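Following: one structure in structure tokens, then a few remarks.
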Amino acid sequence: MATQASAITFLSTPGQAYEDGLRFVQFYFGLPLAMVILSVTLVPSFVRSGVFTAFEFLEKKFDHRVRALTAFLFLVQRGLAAGITIYAPAIIFTTVLNWDLTFTIIGIGGFVTLYSISGGSAAVAVTQQQQMAVMMGGMLLAAGLIIYQLPVDLNQTFEIAGILGKVNPIDFKFNWSDRYNFWSGITGGLFLALAYFGTDQSQVARYLSGKSEGEIKTGLMMNGLFKVPMQFLILCVGLLVFVFYQFNPSPIHFNRTQYAIAKEKDRNETLIKYEHQLAGLQNERNILLGNKEIGTEENKAQLLKIYNQEKKLRNQAKQEISSLLGVKEVKDTDYVFISFILDYMPKGVIGLLIAMILCAGMSSTASELNALAGTTAMDFYRRYFKKNSNDEYYVIMCKIFTFLWGILAILFALLASRSENLIQAVNILGSLFYGTILGIFVSAFYFKNAGGLIILIAACLSQALIITLFLVSDIGFLWYNMIGCLVVSGIAGLTVSFKKIKSHS
């Protein structure tokens, strides 16, 4: 769980709840079922095969071309994701200390790369255990302090959030274009979890370093049991922040640095006008919330009206900031939680929460660099360039590749775009590749007689289809995982069936 819990989880997920309510939790609904499936099927096969990486397993089932293609897709996806996980904690330092973003990204990325090289997988495992304790302790402390500072009890808190459309953890309405509903979570989320935990080397590496098959299965099942409640807790913290801001002043744009630059360029003082309008709406809402009869239909309608006016005003401010800065779009949801921490948390707690987010960022980035280096060394370098050297030599090469991937991750972070909320961006990025990768592994289990060439063709067709859907359709990204998997395994299954019919005839 520490491997998966990046700074994005603790920085961006509360902002996601502030913006969109609790419905993001549906993203994880397929995860417990995925843990059961993997424990029964994939884990025993990996343990018996004695492989170093998940992709080495594919060569035993098909050929080296399938192994290389799958490993390549993983390296592209995970390399880009590593950049995002470095970028996320860099936001904190730029906000808290007003440091230069480029300098901050290089500093964080360089530090994580250094200790990953010097300590290897053992350092990653030990530090992640300690970091996980800080992360969860900090989040629980934040939740407790917010509840303590709210002027209403929990029932009233959720009532206010419900009136404003934020208490929406489950939606049973089926909609292809809706990113988060029960059906996309239980199906698309299932396929994503199967791909992530079953084929992503950053996770498979945890299995392969386990002491026994039983220990590996226990770890997976514990993850399936606690992951959904953990994410729900983090979303609830975001919901609490949202309600807190209904009683307290909030900035019109949470990215302080970006807003300050835009305000300097605002010769017409349009942003100042928006600030005054926001203050008027907040004052109107404070008077309304001071009324103990908030539960009446008239007051509920008035509260919702004020919220919608505020939302419209914030969008107008974002458009103005975009125009002033000369960029296509600006987003500030990733800054909501850190802005709240800085404005309303006690000084000592601020330090703990910032440490928590930085711990999460270093934890996930170290794991990703470890997996990227291991895959590069074992699936490409040893397979194609240096086949018969000793273990010590490959350890040295892994450290060299860790350094190189650290440099690339820093470059990716410098180029990172925040056109999406970060927690969404990293999951969209994974969904573009995981479906195809999972389809290859499913075929390795059930349709290995299809042959390596057919799997290569099916994987290329699947990847082309997913990229096309992403560019031209409005299908929710969670469905990409299912579609990609079904395309590859479907072509493999049809090929095997055709071969059987042909052999019988």
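We did not get these values from a lab; they are worked out from the coordinates using the rules stated. Computed from a prediction, not measured in an experiment: that's the story for all the values here. Note that each Cβ is placed from the backbone with ideal geometry, even for glycine, and that neighbours are counted across all protein chains shown.
Some observations on this one:
- Exposure proxy order (Cβ contacts within 10 Å, fewest to most) of His276, His504, His253, His64: His504, His276, His64, His253
- Here the sum of -39500 (n - 2.57) over DSSP H runs of 4 or more residues, divided by the residues of the chain, equals -26000 deg cm²/dmol at 222 nm, to the nearest 500.
- Which labelled figure in [x] 29.0, 88; [y] 30.1, 97; [z] 24.2, 82 is Rg and Dmax of the Cα atoms in Å, once derived from the coordinates: [z]
- Per-pair calculated FRET efficiency, R0 = 30 Å: Ile467 and Asp343 via Cβ, rounded to 0.05: 0.15
- Set of aspartates and glutamates with alpha-carbon distance to Lys328 below 14 Å, sequence-local pairs under 8 removed: Glu320, Glu420
- Listed by chain and number, the lysines whose alpha-carbon sits under 17 Å from that of Lys386, ignoring those within fewer than 8 places in the same chain, are Lys399.
- The chain: DSSP helices with Cα axial extent of at least 20 Å and average Kyte-Doolittle hydropathy no lower than -1.0: 64-96, 101-149, 213-247, 270-289, 347-375, 391-414, 422-446, 452-472, 478-504
- Out-of-range pairs (alpha-carbon distance over 31 Å; input Lys60/Lys500; Lys273/Lys331; Lys61/Lys217; Lys173/Lys499; Lys312/Lys347; Lys60/Lys211): Lys173/Lys499; Lys312/Lys347
- Highest mean packing comes first when the peptides 366-376, 136-146, 197-207 are listed by Cβ atoms within 10 Å, giving 366-376, 197-207, 136-146.
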